[in-house]
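A short worksheet on the structure shown next.
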Amino acid sequence: MERLFKPQRIAIVGASSNEDAIGGKPIKQLRSHGFAGEIFPVNPNRDVVQGIPCTHTVTELPEGIDLAIIAVAAPRVAGVVAECGERGIPYALVLSSGFADAGPEGAILQEQLLEVASDANVRILGPNGVGFINMQAGVYAGFGAFFDYNFNAGGVGFVTQSGGVGGSLLTIGDDEGVDFGYFVHTGNAADIDIETVLEHFISEDSITTLVAYIEGLGKSAALKSIAYRALETDKPLVIWKAGQHASSMSAVVSHTGRLAGDIDRYRSIFAKYGVVEVGDSLDMVDVLRLSQHHFRPTGGRVGVVSVSGGAGVVAADFLEGSEHLKLADLGEKTESEIRALLPTFATAQNPIDVTAQIFNEPDLFEKVVSVLQENAAVDQILACVASVHSEVGVKIATAIAEAAETLNLPIVVSWASRNSLNAEAFKILSDAKIPVYRSPERGLKAMDRLTAFTNAQAGLPGMVRPEVAGDHSTAGHDWHRSVEFDVLTALAGYGVKVPDQRLAATAEEAIAAADAVGFPVAVKIQSPDIPHKVDAGGVKLHLHDAAQVLSGTKEILANIAKLEDIEYRGVVVQRMAAPGTELILGYIRDESLGGFILCGAGGSNVEAINDRVLIPTPATAVEIRAGLQSLDILAGETDDAVLDQVAAVMGALQQLVADSSGRLTEVEINPVIISNGQVTAVDALAIQA
């Protein structure tokens, strides 16, 4: 996407002489920020715009235009894009609103725009976007108040679905010392979306950290593969997922779908691939400031070195509740060596309190940290300097910077001094690329988030590379209008234990089937139009003889006869499974995020029990087993063979999905019963779009 984000020749269609108009602002911004390329205004009513000769139509533009910025009324945009295609212009940034953002009529315009763009071979950023900024190349292509600012160029690539929120976060981050390389607003994301831009950031050598403000994703299901590539390329992916309480489950049929709520799916991807989730502007800024300085600890053991015992206690308290960090246990040998360096009233245990002695002996910091490194006692350091400033502050900052240069441990500083009294010390640390936070908690919180990324990196060799699952291929097994009997039979073919079962068309055939599988039995209606059989009166359990099977089956058929437009596939007669611990296992394909397998407490009241684990696919046996061990319902299960069987069912489920049509959206196995050391899949459902 070089010609989009690093254009040499830009056309402004709908160019205005009014520098504050949407068609005038991009020209003003490009020129004021030092754009080194050529600008070609296009307006049928002007010969000159803002002092630049103006072309009357797109067709009159010279060849070699890289980007057209379009600021005309929505109904005219498609025609302009068609003309861009004729002139060989590969990219169009559409600032115009009035498309899918403006209701059904606008949505039709957007579909028409996409068709025209596809035919013209023009990629669209927008519509309804504020534009983008390439800080490194001085390309301020767009409009909005924050385009008036000059942003320091750096390695953070930022893409957002909200222009207003994104602009605010960009400004706050820049003020707090985050150096951005790109700001991109996707607008309605009709063509180029969040995922497309993130993929570009990964391939862009100058970008070292990715950050996205996301409200919802498209249908490429590319997030898993993007997160995996971010790990591979050592580029932390930071995401603020907004709209966490909006339900996206209305079209989901099975329990599995309703359990795997939207934010649960995102967070399962975040956890697996080390995506750093942030939830407010302070969070985001703190993480980005740390990441841009290539903070990459090898583990979560933290050594706290403080000039204040109180600050050390605060840090220790925070670490107790941290997800990925812990206060390092230094060991007797390390503590003894540190104790020899400190005055008798200091503390050699972690958190280490070097006391005010460091004011007289600034190199004490480096000596202590050297001992920690030599003994491999910690993975990262938090230095708490309290509110020291002026000359003493400079000495301490110099000592920390020298330690960072000579040692291999990543160092973060907590320092509460005012800049007016401590500017020189802060500059020393800034030049050394050592991040400074106003409090221990803020520093540790950012450290915790980045440690999640490096922990996931360490697990890369054991991961399976995710495939983009957005094509929904029709190859593979077709589950259209399948029933329970079909799914259980297929699972049995993958080695899953299922009850003996027979199909029957009548009550009399049901009696013969019961004799064949053995009493007691269950009788259940089989219809692709009845996914929840109990609610329809289509299930009878614990039938012990022929008379009960006869009456039970007749009752089921009478209940079903009351329903309209039902395809009847008979009843299944199953040998009753022995009672035991009930689980639910499932698969769901999210059109935006891809596939997930689920395991949790099962049975008829499954949605009321909040005990489940969601694992993004493809999942390894190790990932599945770790997920099972997190469940309360399996906490008392000491038989490894049983857990192996449950994991095997989840593996079989995943393989069944892999062998099926890409249009398979859900599979549910509920219940899966653990009894007498055996794991049996008793009921199942498959749903295909």
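The values are calculated or read from the model by the stated rules, or taken from the named source; none is laboratory data. These numbers were taken from a predicted model, which means no experiment stands behind them. Note that we place each Cβ from the backbone using ideal geometry, even for glycine, and neighbour counts take in every protein chain shown. Each accessible area value is taken on the protein alone, full model and side chains, heavy atoms only, with ligands, DNA and RNA left out. Shrake-Rupley method; radii C 1.70, N 1.55, O 1.52, S 1.80 Å.
Flag: Pro26 does not match the condition of being in a strand (DSSP E or B) and crowded, with 16+ Cβ neighbours inside 10 Å. The residues of segment 362-375 that are in a loop (DSSP other than H, G, I, E, B) and either touching a Leu at 6+ places or on another chain (Cβ under 8 Å) or modelled with pLDDT of 95 or more (or both) amount to a single one, Asn375. The single condition among (1) open to solvent by less than 10 Å² (accessible area, probe 1.4 Å); (2) aliphatic (A, V, I, L, M); (3) over 17 Å from Asp379 (Cβ atoms); (4) more than 28 Å from the chain's Cα centre (by Cα) that Val287 does not satisfy is (4). Here Glu199, Glu195 are screened, and the one residue that is at pLDDT 95 or above, in contact with a helix residue (DSSP H, G or I) (Cβ under 7 Å, 6 or more places away or on another chain), part of a helix (DSSP H, G or I) and closer than 28 Å to Ala74 by Cα is Glu195. If you check every pair at least six apart or on different chains, which have Cβ atoms under 9 Å apart with a residue in segment 117-140 that is over 16 Å from Ile192 (Cβ atoms) and free of Cβ contacts under 8 Å to residues at least 60 places away in the same chain first and a residue that is open to solvent by 10 Å² or more (accessible area, probe 1.4 Å) and part of a strand (DSSP E or B) second? Cβ pairs passing all conditions: Met135/Ala153; Met135/Gly154. Taking the conditions exactly as written (within 36 Å of the chain's Cα centre (by Cα) and either without any contact (Cβ under 8 Å) to a residue 60 or more places away in the chain or surrounded by fewer than 22 Cβ atoms within 10 Å (Cβ to Cβ) (or both)), does His324 satisfy them or not? Judged against the criteria, His324 is a match. Evaluate segment 245-252: report whether one residue or more is touching a residue at least 12 places away in the same chain (Cβ under 8 Å) and open to solvent by less than 10 Å² (accessible area, probe 1.4 Å). No: segment 245-252 contains no residue that is touching a residue at least 12 places away in the same chain (Cβ under 8 Å) and open to solvent by less than 10 Å² (accessible area, probe 1.4 Å).
Criterion applied to Ile207, Ile192 was being under 19 Å from the mean Cα position of the chain (by Cα) and closer than 17 Å to Tyr91 by Cα, and the one residue passing it is Ile192. Cβ-Cβ distances below 7 Å connect the following pairs, each with a first residue in segment 43-64 that is closer than 15 Å to Val81 by Cα, a second residue that is open to solvent by 70 Å² or more (accessible area, probe 1.4 Å), and a separation of six or more residues or different chains: Thr57/Pro44; Thr59/Glu86.
Note on segment 55-71: residues that are open to solvent by less than 20 Å² (accessible area, probe 1.4 Å) and over 22 Å from Ile133 (Cβ atoms) total 2. Only residues that are open to solvent by 20 Å² or more (accessible area, probe 1.4 Å) and either outside any strand (DSSP E or B) or within 19 Å of Ala522 (Cα to Cα) (or both) were counted in segment 569-591, giving 10. Of all residues in segment 53-87, those being closer than 21 Å to Val139 by Cβ and assigned to a helix (DSSP H, G or I) number 4.
Per-residue answers, yes or no, for (1) basic (Lys, Arg); (2) modelled with pLDDT under 95; (3) under 30 Å from Thr233 (Cα atoms):
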{"position": "Glu86", "(1), (2), (3)": "no, no, no"}
{"position": "Leu114", "(1), (2), (3)": "no, no, no"}
{"position": "Asp119", "(1), (2), (3)": "no, no, no"}
{"position": "Arg123", "(1), (2), (3)": "yes, no, yes"}
{"position": "Pro127", "(1), (2), (3)": "no, no, no"}
{"position": "Gly167", "(1), (2), (3)": "no, no, yes"}
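Summed over segment 502-558, residues that are among the aliphatic types (A, V, I, L, M), open to solvent by less than 60 Å² (accessible area, probe 1.4 Å) and part of a strand (DSSP E or B) total 7. From the list Glu623, Glu582, the one residue that fits, being in contact with a Gly (Cβ under 6 Å, 6 or more places away or on another chain) and acidic (Asp, Glu), is Glu582. Within segment 393-411, restricting attention to residues that are open to solvent by less than 40 Å² (accessible area, probe 1.4 Å), assigned to a helix (DSSP H, G or I) and of a type in the set (Val, Ile, Thr), the residue that is nearest to Leu429 (Cα to Cα) is Ile400. Of the residues making up segment 638-653, just one is in contact with a strand residue (DSSP E or B) (Cβ under 6 Å, 6 or more places away or on another chain) and open to solvent by 20 Å² or more (accessible area, probe 1.4 Å), namely Gln645.
You will find that of Ser660, Ser630, Ser675, the residue that is among the polar types (S, T, N, Q) and within 24 Å of the chain's Cα centre (by Cα) is Ser630 and no other. Quick test for you: out of Ser336, Ser390, Ser420, Ser414, pick the one residue that is surrounded by fewer than 23 Cβ atoms within 10 Å (Cβ to Cβ) and either among the aliphatic types (A, V, I, L, M) or under 41 Å from the mean Cα position of the chain (by Cα) (or both). Checking each option against the conditions leaves just Ser420. Here Asn150, Asn188 are screened, and the one residue that is at pLDDT below 95 and part of a loop (DSSP other than H, G, I, E, B) is Asn188.
Determine which member of the set Phe359, Phe426 is modelled with pLDDT under 90 and part of a helix (DSSP H, G or I). Sole residue among the options that is modelled with pLDDT under 90 and part of a helix (DSSP H, G or I): Phe359.
Only one entry in Val159, Val178 is touching a strand residue (DSSP E or B) at 6+ places or on another chain (Cβ under 7 Å), assigned to a loop (DSSP other than H, G, I, E, B), in contact (Cβ under 8 Å) with a residue 24 or more places away in the chain and closer than 24 Å to His294 by Cα, namely Val178.
Residue-wise test of (1) modelled with pLDDT of 95 or more; (2) of a type in the set (Lys, Arg); (3) open to solvent by less than 60 Å² (accessible area, probe 1.4 Å).
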site: Ala608; (1), (2), (3): no, no, no
site: Asp611; (1), (2), (3): no, no, yes
site: Pro616; (1), (2), (3): yes, no, yes
site: Glu623; (1), (2), (3): yes, no, yes
site: Asp632; (1), (2), (3): no, no, no
site: Ser661; (1), (2), (3): no, no, yes
site: Ile674; (1), (2), (3): yes, no, yes
